[in-house]
Amino acid sequence: MDRLQQLIKILRVLARTNEPNRVVLIENAINDYLDDKAGIVRLSLEQLCNAIDHEEAEKRPLEDWSIARGSVHARLGRLA
């Protein structure tokens, strides 16, 4: 399984939880994913954004992707 798919699995679990540290856990998971992406961070973030959009489109009950989506969009904005 590639790293993007692994990250999406982690984010899917976090999207279903009310864990009080969810924001930190999401940020850490995204940071871990981007650690080996030097030079292709923008492309990696765009791919992650597309994957999150796909997950949100599934409209599974009790999933909240807003934190992950916001984090990725904020990072993309900082790269602009």
* Structure fact -> Taking a ≥ b ≥ c as the square roots of the eigenvalues of the Cα gyration tensor, with a/c under 1.5 meaning rounded and otherwise prolate when a/b exceeds b/c and oblate if not, the range 38-80 is prolate
* Asked: What nm distance separates the two modelled labels at THR17 and CYS49, each placed 7 Å from Cα along Cα→Cβ?
  -> 2.7
* Structure fact -> So, with points 7 Å from each Cα along the Cβ direction, the ASN28-LYS9 label distance in nm works out to 1.9
* Structure fact -> Averaged over all viewing directions, the convex hull of the alpha carbons in the chain casts a projected area in nm² of 5.1
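A short reminder: the numbers here are calculations on the coordinates, not readings from a lab. What you see is a predicted model, and the numbers here were worked out from it, not measured in a lab. Positions of Cβ are generated from backbone atoms using ideal geometry, with glycine treated the same way; all protein chains shown enter the neighbour counts.
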